[in-house]
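The values are calculated or read from the model by the stated rules, or taken from the named source; none is laboratory data. The structure presented is a predicted model; accordingly, all values stated were derived computationally and were not measured. Note that each Cβ is placed from the backbone with ideal geometry, even for glycine, and that neighbours are counted across all protein chains shown.
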Amino acid sequence: MALADTYFNRANGLLARAWESNAATLAALAPILGENIARGGVIHVFGSGHSEVVAREIIGRAGGLVCVTAIPDPTGGFVENLPGYGTKLIERYDRQYQLRAGEVLIAISNSGKNCSPIEVALQAKQKGLTVVALTCLAMSRETPSQHPSGRKLFEVADRVLDNGGVPGDAIVDAGDGVRAGPTSTLIGCSVLNWLMLATVDWLVAHGHTPPLLRSQNLAGAIEHNRALGQKYAGRLSRQLA
């Protein structure tokens, strides 16, 4: 079987299992995120290194909630294991965009062992936010933490979403002991979209209009998006066009 065929079959199996294993957590999180949005709050998202790609999936895009904003790391994760860096990063973000008690932070780390996402999560909890971890539990449980406390991301979060991947992320044997075909982006992005849609469901069911962005390629969309963004002036790290 070709490697792409093998990846397709295995990745879709993992995706289906992730849907089942996260269902209860998604249902529990929807009212937490929904009530936050109904109060005018925002959802803060942090991903270090390649996890930033997963975070970007739900930020400032067509069909997404306008009130989701990124905690940017200008090093691209290069110093994510420098103790104290993640704390300084989120403290600076807080001064500029504000972390408010009752809001939500989603911290993404496939391994869950690196300092920056753990420190971001800890600081957000100290500020009174609900912290959601998106991680690979199978990998995190067997990999030593790089944080001075010895804790992993899933151990400091209030709620945990599991991308259902394997240690090392790649799932296809490419020969000579080398593996290819990572799944953390595919499944991680799907899990976040499921969470956003569950939140939209909650908002609609409770009489709130979800603040959803439209594709700027559609007529009138830019004006619509700008109007939505006005409510969150000064709170979003990525400005709307």
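Of the set (1) without any contact (Cβ under 8 Å) to a residue 12 or more places away in the chain; (2) over 30 Å from Arg10 (Cα atoms); (3) among the β-branched types (Val, Ile, Thr), all apply to Val178 but (2).
Answer yes or no: is there a residue in the range 56-70 that is within 18 Å of Gly165 (Cβ to Cβ), of a type outside the set (Asp, Glu), surrounded by 15 or more Cβ atoms within 10 Å (Cβ to Cβ) and out of contact with any helix residue (DSSP H, G or I) (no Cβ under 6 Å at 6 or more places or on another chain).
As a first pass, look at the range 56-70 and keep what is within 18 Å of Gly165 (Cβ to Cβ): 57.
Subsequent filtering for residues that are of a type outside the set (Asp, Glu) retains none.
No; the residues of the range 56-70 include none that is within 18 Å of Gly165 (Cβ to Cβ), of a type outside the set (Asp, Glu), surrounded by 15 or more Cβ atoms within 10 Å (Cβ to Cβ) and out of contact with any helix residue (DSSP H, G or I) (no Cβ under 6 Å at 6 or more places or on another chain).
Take the range 195-224 and flag every residue that is at pLDDT 95 or above, surrounded by 12 or more Cβ atoms within 10 Å (Cβ to Cβ) and not hydrophobic (A, V, I, L, M, F, W, C). Selection gives Thr199, Asp201, His208, Pro210, Pro211, Arg214, His224.
Within the range 30-44, is even one residue of a type outside the set (D, E, K, R), at pLDDT 95 or above, more than 13 Å from the chain's Cα centre (by Cα) and over 13 Å from Glu103 (Cβ atoms)? Yes: the range 30-44 contains one or more residues that are of a type outside the set (D, E, K, R), at pLDDT 95 or above, more than 13 Å from the chain's Cα centre (by Cα) and over 13 Å from Glu103 (Cβ atoms).
The set of residues in the range 1-43 that are exposed (fewer than 13 other Cβ atoms within 10 Å of the Cβ), of a type in the set (A, V, I, L, M, F, W, C) and part of a loop (DSSP other than H, G, I, E, B) comprises Met1, Ala2.
Entry remark, the range 101-151: residues being of a type in the set (S, T, N, Q) and more than 15 Å from the chain's Cα centre (by Cα) number 8 in total.
Taking the range 225-241 as the search range and keeping residues that are among the basic types (Lys, Arg) and surrounded by fewer than 18 Cβ atoms within 10 Å (Cβ to Cβ), which one is farthest from Tyr97 (Cα to Cα)? Give the steps one after another, and end with the answer.
Pass one, the range 225-241, residues among the basic types (Lys, Arg): 226, 231, 235, 238.
Those still in the list that are surrounded by fewer than 18 Cβ atoms within 10 Å (Cβ to Cβ) too: 226, 231, 238.
Values: Arg226: 18, Lys231: 14, Arg238: 11 Å.
If we take residues in the range 225-241 being among the basic types (Lys, Arg) and surrounded by fewer than 18 Cβ atoms within 10 Å (Cβ to Cβ), then Arg226 is farthest from Tyr97 (Cα to Cα).
Restricting attention to the range 71-104, and to residues there that are farther than 30 Å from Arg214 by Cβ and among the aliphatic types (A, V, I, L, M), which single residue is surrounded by the fewest Cβ atoms within 10 Å (Cβ to Cβ)? Of everything passing the filter in the range 71-104, Ala101 is surrounded by the fewest Cβ atoms within 10 Å (Cβ to Cβ).
Which ranges mark the helices (runs of 4 or more DSSP H) fully within the range 153-241 that have 3 or more residues being touching a Phe, Trp or Tyr at 6+ places or on another chain (Cβ under 9 Å)?
Working: elements: 153-156, 184-205, 221-230.
Passing ranges, in order: 184-205.
Listed by first and then second residue, the pairs with beta-carbon distance under 6 Å, at least 6 apart or on different chains, first residue in the range 123-134 and closer than 17 Å to His147 by Cα, second in a helix (DSSP H, G or I) and not small (Gly, Ala, Ser), are Gln123/Thr87; Gln123/Ile90; Ala133/Leu153; Ala133/Phe154.
Within the range 12-69, how many residues turn out to be among the charged types (D, E, K, R) and touching a His at 6+ places or on another chain (Cβ under 8 Å)?
So in the range 12-69, the residues among the charged types (D, E, K, R) come out as 17, 20, 35, 39, 52, 56-57, 61.
From what is left, the residues that are touching a His at 6+ places or on another chain (Cβ under 8 Å) are none.
Summing the residues that are among the charged types (D, E, K, R) and touching a His at 6+ places or on another chain (Cβ under 8 Å) in the range 12-69 gives 0.
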